[in-house]
1. Does the range C:156-196 hold any residues that are at the interface with chain B (Cβ under 9 Å from one of its Cβ atoms) and modelled with pLDDT under 90, and which are they?
2. Can you tell me which residue within the range B:47-68, out of those that are surrounded by fewer than 14 Cβ atoms within 10 Å (Cβ to Cβ) and outside any helix (DSSP H, G or I), is nearest to the other protein chains (Cβ to nearest Cβ)?
3. Look through A:L91, A:L105, A:L98 and report the one residue that is under 30 Å from A:D134 (Cβ atoms), part of a loop (DSSP other than H, G, I, E, B) and aliphatic (A, V, I, L, M).
4. Quick check on this structure: which one of B:T162, B:T139 is surrounded by fewer than 20 Cβ atoms within 10 Å (Cβ to Cβ), more than 8 Å from every other protein chain (Cβ to nearest Cβ) and of a type in the set (S, T, N, Q)?
5. Go through the residues of the range B:5-24 one by one and say whether even a single one is polar (S, T, N, Q), at pLDDT below 90 and in contact with an Asp or Glu (Cβ under 9 Å, 6 or more places away or on another chain).
6. Give B:I147, B:I182 a once-over and let me know the one that is under 28 Å from B:N97 (Cα atoms), surrounded by 21 or more Cβ atoms within 10 Å (Cβ to Cβ) and either of a type in the set (K, R) or modelled with pLDDT of 90 or more (or both).
7. Could you please tell me which pairs satisfy a Cβ distance under 6 Å, a separation of 6+ or placement on different chains, a first residue in the range C:201-212 that is facing another protein chain (nearest Cβ under 7 Å), and a second residue that is among the charged types (D, E, K, R)?
8. Among the numbered criteria (1) over 25 Å from A:V242 (Cβ atoms); (2) part of a helix (DSSP H, G or I); (3) aliphatic (A, V, I, L, M), which one does A:L44 miss?
Amino acid sequence: MLEIKNIHKSFGGNEILKGVDLAIDKGDVVVILGPSGSGKTTLLRCINFLENADQGHATFGDIQVDFQHVKKKDVHAIRQRVAFVFQNYNLFTNKTALENVTEGLIIGRKIPKAQAVEIGKKALDKVGLSEKYDAYPSQLSGGQQQRVGIARAVALNPDIILFDEPTSALDPELVGEVLQVMKNIAAEGTTMLVVTHEMGFAKDVANRVIFMDGGVVVEEGSPHDIFVSPKEERTKKFLKRVIPEDYTFYI
Amino acid sequence: MNYQFLLETFFVALSGVPIALLVTVVALLIALPLGFLLALTRINKIPVIHHLAKIYVSFVRGTPIIIQIFIIYSSIPLLLKIIFEKYHIAFDIYKINPIWYAFIVFAFSSTAILIEVFRSALSTIEKGQLEAAHSVGLTTFQAYTRIIIPQALVVALPNICTATVNLIKATSLGYAMSLPEITLKAKVAANVGYNYVEAYLDIFIVYLILCSTVEYLFKRYEKYLSKYKVANA
Amino acid sequence: MDKYFDATYIWNAIPVLLPFLKITFLVAGSSIILGTLFGLLLAAAKLSSVKWLQKLANLYTTIMRCTPSIVLLFLVYYGVPALAENFGLNLHSIDTAIFVVVTFTLQFAAIMSEVIRSAYLAIPKGQFEAAVSVGLTPFQAYRRIMFPQALVVALPNFGNGMIALLQEGALAYTIGLIDIVGKANLIIASNINAHALEVYIALAIIYWVLSIIIEKIFTILEKIFGKGKKTLETT
């Protein structure tokens with residue numbers, strides 16, 4: 001469904017992505033792991049054209065894009081099918097929770113308001129915020145804000161949702177509620193590409209794990225492949241650093 | 001103190017209010033959109049234009065408005081004269097209503113002030129707001145009109161209020177262009193019997209009423225607009 | 001073209017005008033010093049716990065904010081001597097510069113009271129409490145801890161206030177002060193109103209350069225005084 005070939009991206013002479021390939025099928029839940037600065041977030045942002053990649057190709061259903069010659073029309077078409085959940089939520093501060101969810105539907109997709117409100121309410125119900133339709137972001141906790149962020153993505157009924165470290169700006173006690181919501185929507189068959197440091201989520205929910213380091217994909221496979229029997233030295237080193245010694249995986 | 005004169009001249013001064021307000025409103029109608037667009041060129045560092053905008057802002061902020069008035073009021077007739085003579089147009093430039101000069105002068109200075117107001121307001125809006133708008137499928141234009149501008153406006157409003165009050169006050173310099181506004185009208189009335197103290201007291205009171213009303217209205221509007229922020233406080 | 005506009009008049013006017021900057025500086029400088037002192041009092045009133053003092057100081061600031069400089073200037077110029085006459089004083093023969101200084105002192109004080117108030121409020125209360133807790137007297141705490149920090153916050157606004165004052169001061173010619181604007185008008189009158197534009201452009205250049213210099217000085221001052229703030233933050 002989504003295929004990325006040989007994507008490159010530099011910031012001021014610093015090459016962050018050095019030719020990454022990626023293929024995602026419908027229903028996949030893919031988690032990207034890797035140390036900070038490995039290019040995971042940049043990869044995600046390039047897929048949604050929040051950054052302009054320097055070279056490479058993308059195939060998205062029937063749309064083909066050469067990153068060197070991107071057409072505005074294609075950007076818009078792909079963004080209509082891809083939703084994004086931001087690390088720092090990026091809720092529209094001047095809109096209520098419900099308006100945050102319906103904005104893209106009414107303005108971006110031209111869906112009639114009544115219908116959009118219905119979809120929006122359903123999405124907020126799904127993330128457990130039925131009581132907070134009319135709350136402004138400033139009235140919500142970080143965890144609630146991120147759940148609105150997820151509802152905003154889900155409501156668009158996209159082909160894929162990209163999650164950029166959705167829990168790393170949260171206080172530890174609020175991480176659980178957001179991960180639970182993500183698990184729920186994964187269980188519904190939503191296609192997801194998730195950058196995260198939550199190893200538990202990767203282990204339990206992902207059907208494929210990608211380990212990135214230094215702007216390239218080092219290793220990929222099932223959670224079992226990566227966590228229990230990693231092949232590459234860099235993967236082993238990383239896992240040793242982030243997972244405590246006595247932590248055992250039951251897969 | 002001549003109380004009879006004080007009372008009569010109050011209404012003379014008051015009769016200058018429509019002109020002062022007209023100049024203010026027209027100047028703002030030009031300066032608000034133009035200032036916003038030029039602020040965008042500064043934020044996005046559009047080549048050449050943003051440098052010109054910077055010099056323009058520096059000039060307006062660095063020179064007294066009375067001197068801007070002197071310069072514009074004496075240069076435009078010169079320019080027009082040259083143009084009209086060249087193309088043999090018979091038009092008496094000294095018959096131009098001074099209000100046109102007032103529009104130009106005050107739009108010229110307000111635009112520069114508002115560029116800075118909008119620039120600082122826009123820089124307080126996080127880049128993530130634009131990215132989030134893009135990510136849910138809004139075009140850049142939609143993102144600005146629906147998300148960025150409403151937020152920037154709330155931030156900018158107190159400064160737009162200050163700029164408006166300063167603009168109203170600055171129209172008192174219209175005398176230099178023979179504009180029959182509040183100050184000039186009352187002053188002319190005072191010339192007859194040298195009742196300057198009374199006349200300036202009247203002018204003072206009229207501006208006080210005018211500016212505090214404008215400030216009050218802005219405060220009300222600000223409260224209404226920032227309802228999403230009040231919830232936080 | 002040169003019949004109407006001759007740039008040499010600009011360059012000829014500047015050296016004639018520059019000596020009169022002395023008057024401009026004298027008037028502006030006096031207003032700044034007196035206005036800052038009065039502004040300090042107003043700020044103290046606004047921050048005091050006495051309700052009517054607060055209200056009075058706020059009312060004063062609102063009135064000043066709503067009064068055009070030229071109106072205040074004439075009100076002082078005509079009003080103060082008229083008021084003094086009631087008490088048997090004759091102020092009609094005193095120097096115009098005095099009226100200008102009084103006007104801009106009144107106006108600058110209102111601006112400064114807001115600058116000082118917001119700078120004071122920007123400093124966390126804990127700073128004062130900590131200073132007193134280590135044995136400083138309240139006065140020492142203000143002088144050694146609060147004041148230096150508030151100064152850094154106030155500096156940019158103080159600079160803007162100064163530039164604004166300088167520009168509003170350009171109106172002093174209207175009551176007959178011969179500063180650079182007054183002199184410029186004299187030059188124009190002696191030319192029988194010809195080449196006024198060039199003289200005004202010369203004036204604009206002088207003011208523009210002056211404002212840029214003041215701005216630069218304040219940027220440097222901010223850097224010097226801001227240093228302590230940064231090391232404080234990082235340690």
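The values are calculated or read from the model by the stated rules, or taken from the named source; none is laboratory data. The model shown is predicted, which means the values in this text are computed figures rather than measured ones. Glycine gets a Cβ as well: all are built from the backbone with ideal geometry, and neighbour counts include every protein chain shown.
1. Of everything in the range C:156-196, just one residue is at the interface with chain B (Cβ under 9 Å from one of its Cβ atoms) and modelled with pLDDT under 90, namely C:A196.
2. Filtering the range B:47-68 for residues surrounded by fewer than 14 Cβ atoms within 10 Å (Cβ to Cβ) gives B:47-48, B:51-52, B:55.
Adding the requirement that they be outside any helix (DSSP H, G or I) leaves B:47-48.
On the way: B:P47: 19, B:V48: 21 Å.
The selected residue is B:P47.
3. Values: A:L105 fails: part of a loop (DSSP other than H, G, I, E, B); A:L98 fails: part of a loop (DSSP other than H, G, I, E, B).
Step by step, each of A:L91, A:L105, A:L98 is checked, and only A:L91 is under 30 Å from A:D134 (Cβ atoms), part of a loop (DSSP other than H, G, I, E, B) and aliphatic (A, V, I, L, M).
4. On the way: B:T139 fails: more than 8 Å from every other protein chain (Cβ to nearest Cβ).
Sole residue among the options that is surrounded by fewer than 20 Cβ atoms within 10 Å (Cβ to Cβ), more than 8 Å from every other protein chain (Cβ to nearest Cβ) and of a type in the set (S, T, N, Q): B:T162.
5. Yes, there is a match, as at least one residue in the range B:5-24 is polar (S, T, N, Q), at pLDDT below 90 and in contact with an Asp or Glu (Cβ under 9 Å, 6 or more places away or on another chain).
6. On the way: B:I147 fails: under 28 Å from B:N97 (Cα atoms).
So the residue among B:I147, B:I182 that is under 28 Å from B:N97 (Cα atoms), surrounded by 21 or more Cβ atoms within 10 Å (Cβ to Cβ) and either of a type in the set (K, R) or modelled with pLDDT of 90 or more (or both) is B:I182.
7. Sorted first by the residue in the range C:201-212, then by its partner, the list stays empty.
8. (1)
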